[in-house]
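Working notes, structure below.
The values are calculated or read from the model by the stated rules, or taken from the named source; none is laboratory data. Nothing here was measured: the structure is a model prediction, and the numbers come from that model. Cβ sites come from the backbone with ideal geometry, for glycine too, and all protein chains shown count toward neighbours. Protein only, heavy atoms only, side chains kept; ligands, DNA and RNA dropped before computing areas. Shrake-Rupley method; radii C 1.70, N 1.55, O 1.52, S 1.80 Å.
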Amino acid sequence: MQILSLIRNRFFQALTGWIDQPEEYASRVSIARDPQHGDYQANIAMPLQKTLNLPPREIANQLVSRLSIGDLCHEAEVAGPGFINLRLRDSFLAEQLAAAAQDSRLGVGCLPSRTFVIDYSAPNVAKPMHVGHIRSTVIGDALARILRFLGHQVITDNHLGDWGTQFGMIIYGYKHFVDPVAFHADPVVELSRLYRLVQSIIAYQNACPKLEKLEQGLNVARKQAAEAEAAAKVDSKQKKVAAAALKALRSAEDNLAAVEAIINGFQADPKNLTVAQQHPDLETQAQLETAKLHQGDAENLALWERFLPISIAEIESVYRRLDIHFDHTLGESFYHPLLSSTVQSLLDAKMAVESEGAICIFLEGFDAPMLIRKRDGAFLYATTDLATIEYRQREFQPDVILYVVDHRQSEHFQKLFAAARACGYTDIDLQHISFGTVLGPDGKPFKTRSGAVIGLEYLLDEAIQRAHQVVCDPQRMQKAGLEMSAEESQEVARVVGLGAIKYADLSHNRTSDYEFNTEKMVQLEGNTSAYIQYMYARIQSIIRKSGEQLDQDSIAHFAIQLTESAERSLALQLLQFEDALLQSLDEYYPSVLTTYLYTLAKQFASFFDQCHVLNADSEEVRRSRLAICFTTGRVLKQGLGLLGIGVVDRM
RNA sequence: GCCCCAGUAACUCAGCUGGAUAGAGUAGUUGAUUUCUAAUCAACCUGUCGCAGGUUCGAGUCCUGCCUGGGGUGCCA
């Protein structure tokens, strides 16, 4: 039962026949921002001031007199410049809460089903997964779960990067640097070593020629900055120029330092230098291996077929730990055979044209065209993305495709969507669900001090270990009267630790960058999953101690009555679960749901403090409060579950 | 150069289609504990919402300009 839409509907009826666009104005009813003003508020009168040429308070009074809502709310109040404030009847709340408690879906309705394809995670195989992969994976998974719960048909597809230049690097590395014993012992580790080795050589070789130029550039920048500063002292109009010169100087210093770091890091091992000399221009060599692979070279194809399952197995082990499952894993390689015909049909349709040797799609509103075939004949990711849309339309007939990909690719998606529309895919709602960068404590993209990326598995281990230290601390366990086996405490640490990582990610507005701070997220205080999980465990503890067998059927015999204010606000929050879910899908923001759950957990904590359950004044109150606890527990579990986060009965 | 995103408390961040006195968490101060699990609760403290104009009954939110930071920008993905 969605209370908001129920109330809006009453306003719609009151507005119909009085003003134009009653629906638009009815939608201006919302949850009250400040509980002092009631439960819901309608900001309808003020914007009608000009249309009706009446004072807004007068409009509000007239609207209230037309409104038939007495069965749900107390008398509507007109306040301030013309706000209409509504307060739900306690009897109505109690009745709705009882219905939700007995409902398998907690009173959440289903939407008219639409078909969604969600494209998320999409790591590059053969590269170790790192913290940057968390966001796409976790956000995409949460959206898939929420959409499914609300009745949509969801097809999840992991568009693996399994055909790109990284394979050229690994193939080259395998051919020249493999340690057969190490490969036999642990192919994943060895392949990962080969990738990093080739990558570091390429980085070094690219850095060396830049060094001299950057040093010269720095000297020039220093001189210019000094001159500009001197000029600014004489003529204050030159201050802007001086500031720009200073900025350029800083930037030149940073660039040089970065290149020097690469070179010094590489040269730290003298063996590296010999290797780099023996394999000049490694980047081109690796590209050649990639090209051979794409052209069907038997040796490279055999190596690719050998390496791919190894890498995928490693990625899947991460997904298993995170409880992430895909309906399809159709990587780039899957589309490779389709690309030439995709390009040809675009050429035939005169959508694409040749320019400077490349095949391009020129799009209105964009300076640069979208390239779909390079001068050398190779295809690009835009080509694959177009072929993918074609395939998904044919196979799945989706209403919506969501691409959960970081914000740096927003221009690419704008072009891709424009191209798709131009190609006639106008019935699919294509959405780029972009997200910000994961930052380290220094406010820069999350890396170690030496600049290396940190493996995702390591971070998961760390979070679980920290969760164990904090949650399963023997002193604490004893104080709380929890005696756990090693297995149970390990399981608690696992659920809490993984939840901490997922929740930290989901609770931030997806479009902004956020600081990935393992220390903070496992502090297990404040707005964290552990706090919510803890409230869930306390609820289970009360229910256990009550000795009652509570389930969806038996709860019908536990009549709900709301007397204390903490009970009432908790009940209202519980009934707004559906609103939170719908709003989280409005623009695909899982953080709306985390905020809802955290608020709910806090309200429960307050209720727990103020309203004793097992020692309640009367049996009726005790039973009512047990029903409230039971329902709160179910909503918390369901809500966390929709974020891919589990709960435990004791912690 | 052009395009996109951001700038809110000491710190990390919310702030929904413009609404009432701008909110949480952390940190700090204070109170509550023979605990239905104190990982808790209650209270206090902290603001030039980057700057300047504009739109209107009303602007953190919309528009313009500027400042600062990040990202993208024809042959990587």
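Data for the structure
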quantity	calculated
Distance from the stretch A:293-364 to the stretch A:551-595 (C-alpha centre basis), Å	44
Neighbour cut-off at most 15 other Cβ (10 Å), DSSP loop, chymotrypsin sites (Phe, Trp or Tyr not before Pro), the stretch A:357-396	A:Phe362, A:Phe366
Interchain or long-range residues, amide H under 5 Å from A:Leu330's placed H	A:Asn158, A:Leu160
For chain A, alpha-carbon Rg relative to the globular expectation (2.2 N^0.38 Å, N residues)	1.17
Computed FRET value (nearest 0.05) for A:Thr165 with A:Gln490, which takes r as the C-beta separation and R₀ as 41 Å	0.50
FRET efficiency, 1/(1 + (r/R0)^6) with R0 56 Å, evaluated for A:Gln475 and A:Glu95 via beta carbons	0.80
Loop GluC sites (Glu not before Pro), the stretch A:568-651 (other Cβ atoms within 10 Å of the site Cβ: 12 or fewer; DSSP)	A:Glu587
Farthest positive-ward along chain A dipole, Cα basis, beta-carbon charges - from A:Val181, A:Ile401, A:Leu6	A:Leu6
Distance (nanometres) between label positions extended 7 Å along Cα→Cβ at A:Glu515 and A:Ser345	5.0
Over chain A: helical MRE at 222 nm, DSSP H runs n ≥ 4 each giving -39500 (n - 2.57), nearest 500	-19000 deg cm²/dmol
Chain A - accessible surface per residue (Å², probe 1.4 Å)	49
Mean separation of Cα contacts under 8 Å, 6 or more apart, over the residue count of the stretch A:166-305: relative contact order %	35
Per-pair calculated FRET efficiency, R0 = 45 Å: A:Arg421 and A:Lys292 via Cβ, rounded to 0.05	0.80
Length-normalised contact order of the stretch A:3-88 in % [C-alpha pairs under 8 Å, at least 6 apart]	29
Degrees, to the nearest 10: A:187-234 long Cα axis against longest axis of chain A	90
With Cα atoms, 0 to 90° folded angle of helix A:619-642 axis to chain A main axis	20
Acute angle (nearest 10 degrees) that the helix A:3-15 long axis makes with the longest principal axis of chain A, alpha-carbon atoms	70
Length-normalised contact order of chain A in % [C-alpha pairs under 8 Å, at least 6 apart]	16
Protein accessible area in chain A, 1.4 Å probe - carbon and sulfur %	49
